[in-house]
1. On the basis of being crowded, with 24+ Cβ neighbours inside 10 Å, assigned by TED's automatic domain parsing to the domain that holds B:Leu243 and closer than 30 Å to B:Asp48 by Cβ, does B:Thr195 make the cut?
2. Only one of these is in the same structural domain as B:Asp228 (by TED's automatic domain parsing), within 15 Å of the chain's Cα centre (by Cα) and closer than 30 Å to B:Val90 by Cα: B:Leu274, B:Leu284, B:Leu279. Name it.
3. More than 10 Å from every other protein chain (Cβ to nearest Cβ) and either among the small types (Gly, Ala, Ser) or under 23 Å from B:Ser231 (Cα atoms) (or both): does that describe B:Leu305?
4. Please work out which one of (1) at pLDDT below 80; (2) within 30 Å of A:Gln261 (Cα to Cα); (3) not acidic (Asp, Glu) is the condition A:Pro132 fails and give its number.
5. I'd like to verify a number: residues in region B:237-265 that are aliphatic (A, V, I, L, M) and more than 19 Å from the chain's Cα centre (by Cα), how many?
6. Please go through region A:201-215 and pick out each residue that is in a loop (DSSP other than H, G, I, E, B) and out of contact with any Phe, Trp or Tyr (no Cβ under 9 Å at 6 or more places or on another chain).
7. Would you pick out the residues in region B:132-147 that are more than 7 Å from chain A (Cβ to nearest Cβ) and more than 21 Å from A:Thr44 (Cα to Cα)?
8. How many residues, within region B:100-152, are within 35 Å of the chain's Cα centre (by Cα) and not polar (S, T, N, Q)?
Amino acid sequence: MATTTGHPGRILIALAVLVAGLITLLAVSGTWTPKLGLDLRGGTTITLTAKNTTGTGAVDPNSLQLAKTIIQSRVDSLGVGESEVTTSGDNQIVVTVPNVQQDELVRLVGQTAVLRFRSVYTAEQVQPPAAPPSASAEPSASAEPTSGATAAPSDEPTAGASEEAKPPEPSATKRPNNLPLPALPTAPPVPLDKACVPADGKGTPPDKALDWQPSEACQSAFAEFTCDTKVTDVADQGLLACNQEKTEKYLLGPTLIEGNQLASAVAGIPQNNVNWVVNLEFNSQGAAAFETATRQLSQNSEPQNRFAIVLDGVSISAPSVNEPIPGGRAEISGNFTQKSATELANVLKYGALPLAFDVSEVNNVSATLGGDQLRAGIIAGIIGLALVVGYCFLYYRGLGIVVVASLGIGAVITYACMVLLGSSVGFALNLPGIAGAIVAIGITADSFVIFFERIRDEVREGRSLRTAVETGWRRARQTILIADTVSMLSALVLFVLAIGAVKGFAFTLGLTTLIDVLVVFLFTKPLMTLLARTKFFGGGHKLSGLDPAHLGVQALPGSRSRRPAVARPAVSEEGV
Amino acid sequence: MSKLGTIGHRLYTGEVSYDFIGHRRRWYIVSAVLIGASILALLVRGLDFGIEFKGGADFKAATIVTAQTVDSMKDALRNSGVPDLDDATVNTIGNNQVRVQTRTLDPTEEVPKVRAAIAKEVGIPSDQVAYSLIGASWGGQITERALIALGVFLALVALVIGIYFRDAKMSAAALIALVHDLILTIGIYALVGFTVTPATLIGVLTILGYSLYDTVVVFDKVRENVRDLRSSTARTYSEAANLAVNQVLVRSINTTIIGVLPVVALLFAGAVILGEGPLKDLALALFVGMVSGAYSSIFIATPLLAQMKEREPDMKKLAARVRARRAKEAQKERVAATTTSTPTGPEVVGTNAAEEISEPSNAELEQAGSLAGNGAKRVSSVEMTVKPDVRSHREGPPREAAHREGAAKRPQPQNKPRSQRKK
């Protein structure tokens with residue numbers, strides 16, 4: 001019967017080698033704690049969903065990658081370490097930044113929209129709304145028109161378009177964003193949104209965009225337009241827009257050049273100069289369009305010699321043009337600081353992508369809350385472990401030692417795997433992940449229950465303990481494997497289907513299920529085989545959990561103390 | 001505890017037996033009531049979906065909770081300058097946190113304002129107000145994906161059941177038990193009004209796996225017990241299935257307790273220490289589902305299976321044979337009644353004993369005997385019948401009395417004979 005006893009000692013040694021190997025790996029990698037998710041240490045996670053702006057088609061993976069790099073560099077510009085930008089699925093970008101809670105981050109990352117170049121038809125100063133104090137700090141905003149066309153003395157044939165009518169700090173970063181801003185749109189009587197769209201809805205292609213004339217409705221809408229009105233940005237229609245500071249409003253023509261015709265945008269200081277500028281470079285198609293546009297615009301008078309760079313319905317820059325700019329290279333100058341120039345360049349670069357991003361989800365966990373969650377997770381783990389171990393000792397007595405040892409080995413392997421996965425593939429343990437590991441305590445202990453109960457059944461059927469361990473194992477093995485397969489299957493499906501943080505639950509559940517199989521096969525079983533040979537367990541000591549009274553049999557058949565070598569199907573009865 | 005062990009032994013041998021299948025009506029009614037209540041709760045109260053599904057924002061800030069916390073926070077929100085915050089819900093978690101849930105907000109414009117308003121109200125820096133924001137369309141997508149997940153999971157589980165049992169009736173019974181657990185879990189959520197979050201969903205899907213596994217354990221044993229059923233007249237399908245349930249009962253209780261214990265720890269940490277969040281959501285669904293899963297595999301799945309199986313012509317014939325045999329024995333017994341002292345049931349010494357002279361099947365006989373009752377179905381009208389092992393009669397009668405009390409603990413090939421009989 002006992003053919004599969006195997007060599008328990010050898011198996012245990014193999015397992016010991018495995019565990020030692022894992023620990024060595026830990027030592028080599030030098031990290032001893034798992035990488036924690038942001039919900040356990042505080043930080044911000046932003047999930048962005050990309051939409052294709054060219055139609056309803058799928059998002060181009062290359063564009064998504066590019067967007068990822070750009071967002072990464074934006075996040076890095078905040079100077080925070082350990083930030084991570086990853087793509088998820090085929091249209092999402094997930095930004096995780098530990099230890100950062102500022103709204104600034106979301107603004108920076110979330111500023112995602114389509115960039116378009118449009119000609120300015122009318123521009124008008126407006127009162128900065130209900131004066132946020134910051135506006136008064138930048139009175140220069142009341143700009144003189146066309147501040148000298150800084151015909152850049154650069155070595156490139158760059159005809160400079162001047163950065164005009166813009167405050168030196170276009171970025172909103174300086175604005176104390178906590179201060180009350182004016183109440184949002186009070187619905188206007190006329191739908192301004194549609195005012196500049198002709199009744200037939202016909203659009204104007206880019207090559208005709210310069211000849212576009214606004215309808216009367218459009219012009220009167222412009223008069224009514226305030227910067228608090230939200231207007232939909234439609235590529236081939238006129239647009240009502242404001243600059244970022246809401247100090248100037250524009251009536252803009254249809255799109256001249258799409259942002260994706262922009263090849264690059266770089267902030268820098270030209271030679272022999274001290275002021276920051278932003279250099280643009282168009283692709284060939286964009287270059288031709290830009291040349292045509294600048295040729296015509298330069299002949300116009302203020303404000304129709306200007307074009308606006310519009311991002312999500314807001315003009316981020318509206319420079320004037322003094323001369324035709326051939327060759328697809330242009331330079332925007334103005335009162336830039338390094339920061340504002342870099343920011344404009346980044347926005348421009350970003351706008352070159354044919355992608356629009358929605359902020360789908362923001363999770364912002366303060367460090368204290370993170371600490372609380374980590375602590376709660378650890379407490380839950382300790383309580384769970386203690387309860388299971390306590391119950392096992394209570395019910396299985398001495399076999400509880402086997403449970404504790406097996407759970408212990410399982411815990412060590414699980415912990416090591418988590419740490420290693422953290423340092424190798426960036427697996428971060430989050431709260432649902434901890435929950436998965438705790439639930440897995442039950443699953444693992446469950447395997448032991450199945451095994452022990454089987455052994456007991458076998459003993460009840462009259463087998464000696466040593467044989468019972470073997471035959472019980474053969475039967476239990478099947479059940480354990482089924483249980484683990486079901487659990488593994490759940491974990492896999494959950495992992496594939498789950499969204500966001502709850503993926504962590506599925507992952508640890510799957511990981512621990514695998515480890516459970518490993519532990520039961522390589523540790524618990526051989527250990528039981530060895531223990532069955534001891535007098536304490538094999539002899540059915542009162543505290544072993546296998547004592548006859550406990551099992552409800554009168555004596556352990558085959559236990560040497562009472563009855564040596566009983567034939568297997570124990571026909572013989574006590575006292576026959 | 002060792003009492004449970006002893007009961008485990010008695011259950012195993014069939015010495016103690018609860019007639020799960022005979023009492024199925026009772027359990028069907030219990031489940032029907034529970035399911036009815038669940039569906040009613042679902043229809044009347046509906047589920048409270050978290051912001052993850054509907055879109056919205058959820059802010060949490062540490063503060064010292066007083067009686068005014070909620071009201072003054074509502075005022076602060078109203079004065080924050082962000083429109084449509086009137087239906088924001090404000091509640092406190094424990095005595096040190098306040099939580100604000102609103103419609104979905106613009107991440108760059110409105111969130112900073114609301115955060116600032118909350119921060120000012122509780123007197124902490126704005127950066128320490130934790131929040132999560134779910135866009136409305138994203139919430140819709142999460143819902144969609146959640147439903148897909150549920151569908152895919154159910155389909156997969158059904159497939160696994162089908163492959164594993166390779167038996168339409170077993171699969172059907174297992175699936176019904178699964179749906180039973182699912183409805184109960186969802187019902188509890190509707191009834192109590194807990195928020196349903198993605199973590200809840202994950203919990204629900206996990207318990208589907210658990211519930212399936214519970215059923216697998218019981219059905220495995222049923223399969224084992226009915227393997228040689230057709231060739232004998234020892235018991236009907238129902239009786240064999242009932243023995244199986246009794247045999248795995250202790251193990252089922254143990255695995256459920258051990259599975260539930262860590263979940264209780266999670267629930268404690270989630271509900272008591274944190275108050276809100278994925279731990280609580282997960283643990284609650286798991287808790288309800290695991291308990292329901294253990295219950296349904298024993299009280300619902302197995303009786304259903306037995307009921308369906310008993311309709312098969314084969315099993316009908318078997319049942320008839322068993323009845324006939326028992327009737328015959330009962331008759332025999334009445335003839336020999338004078339020698340019997342057994343008060344509860346007829347003595348069973350008939351055919352089986354003759355067949356298996358060398359390898360007796362005490363348990364079986366007993367089982368058959370105790371189940372035989374008035375020659376028809378079963379004898380026990382009480383829930384648990386704990387009988388002294390009065391009939392350890394093989395051929396040799398005289399030592400019976402001497403061993404009566406020890407008999408229960410005697411190591412015997414109690415449940416073996418099935419296979420041995422065959423050979």
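The values are calculated or read from the model by the stated rules, or taken from the named source; none is laboratory data. Computed from a predicted structure; not experimentally measured. Cβ sites come from the backbone with ideal geometry, for glycine too, and all protein chains shown count toward neighbours.
1. Working: crowded, with 24+ Cβ neighbours inside 10 Å: no; assigned by TED's automatic domain parsing to the domain that holds B:Leu243: yes; closer than 30 Å to B:Asp48 by Cβ: yes.
No: the conditions fail for B:Thr195.
2. On the way: B:Leu274 fails: within 15 Å of the chain's Cα centre (by Cα); B:Leu279 fails: within 15 Å of the chain's Cα centre (by Cα).
Of B:Leu274, B:Leu284, B:Leu279, the one residue that is in the same structural domain as B:Asp228 (by TED's automatic domain parsing), within 15 Å of the chain's Cα centre (by Cα) and closer than 30 Å to B:Val90 by Cα is B:Leu284.
3. On the way: more than 10 Å from every other protein chain (Cβ to nearest Cβ): yes; either among the small types (Gly, Ala, Ser) or under 23 Å from B:Ser231 (Cα atoms) (or both): yes.
When the stated conditions are applied, B:Leu305 passes them.
4. Tallying (1) at pLDDT below 80; (2) within 30 Å of A:Gln261 (Cα to Cα); (3) not acidic (Asp, Glu), A:Pro132 fails exactly one: (2).
5. Kept after step one, since they are aliphatic (A, V, I, L, M), are these residues of region B:237-265: B:240-241, B:243-245, B:248-250, B:253, B:257-258, B:260-261, B:263-265.
Now narrow it down to the ones that are more than 19 Å from the chain's Cα centre (by Cα): B:240, B:265.
So the answer is 2.
6. Restricting attention to region A:201-215, the residues satisfying the condition of being in a loop (DSSP other than H, G, I, E, B) are A:201-205, A:212-215.
A:Gly201, A:Lys202, A:Gly203, A:Pro205, A:Ser215 - these are the residues of region A:201-215 that are in a loop (DSSP other than H, G, I, E, B) and out of contact with any Phe, Trp or Tyr (no Cβ under 9 Å at 6 or more places or on another chain).
7. B:Gly140, B:Gln141, B:Thr143, B:Glu144, B:Ala146, B:Leu147 - these are the residues of region B:132-147 that are more than 7 Å from chain A (Cβ to nearest Cβ) and more than 21 Å from A:Thr44 (Cα to Cα).
8. Final tally of qualifying residues: 14.
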